[in-house]
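One structure below.
The values are calculated or read from the model by the stated rules, or taken from the named source; none is laboratory data. Every value quoted in this text rests on a predicted model; they were computed, and no experiment measured them. Neighbour counts are summed over all protein chains in view; Cβ atoms, including those assigned to glycine, are modelled from backbone coordinates with ideal geometry. Areas reflect the complete protein model, heavy atoms only, side chains present, ligands, DNA and RNA absent. Shrake-Rupley method; radii C 1.70, N 1.55, O 1.52, S 1.80 Å.
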Amino acid sequence: MPSDSKQPKKVVAYEYSVGNTSYLTEGGPISEISAYHINSRATRVWLVREIIPNSTPLAVKDEYRVLKDVWFDSGAKLEMDISNDIFGRLKESDNKNGTTDESEARDYFMKFEHDEFVEMGGTPDVSFELPKGY
């Protein structure tokens, strides 16, 4: 059956709400290899753009961002918290030793804009802990 070139092409996109901001995925995941393993954090990484609030039809801002969607084990620390711990320790060392390692190291780390646990019914939606060895 010939395709009708006048019909708009259907594209699957996902909307992620993070804090008070919503993002729309663009294209397929940048990475999703671990999403297919039962003993993984089911990580997917997406190229996204911020949705302009109350836009009709739906519109997005020009700037691209990267969104990482991860399934956390119960008790896990958020990546932004781990990053802040690292920089806090470097700053303590800098204050003690008169060095500038903390500010120099920031160029080698991802900048977090927001990091949160997804909640279902007011509680974090996390998985059970994986058995030892995984």
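Side notes on the structure shown:
- Seen from Lys91, the other residues with C-beta closer than 13 Å to its C-beta sum to a net charge of -3, counting Lys and Arg as +1 and Asp and Glu as -1.
- Among 107-116, 17-26, the peptide with the highest mean count of other Cβ atoms within 10 Å heads the list, and the full ranking is 17-26, 107-116.
- Packing, taken as the mean count of other beta carbons within 10 Å per residue, orders the peptides 54-66, 77-89 from highest to lowest as 77-89, 54-66.
- The apolar share of the surface of the stretch 79-121, taken as the fraction of accessible area on carbon and sulfur atoms (1.4 Å probe, ligands and nucleic acids excluded), comes to 50 percent.
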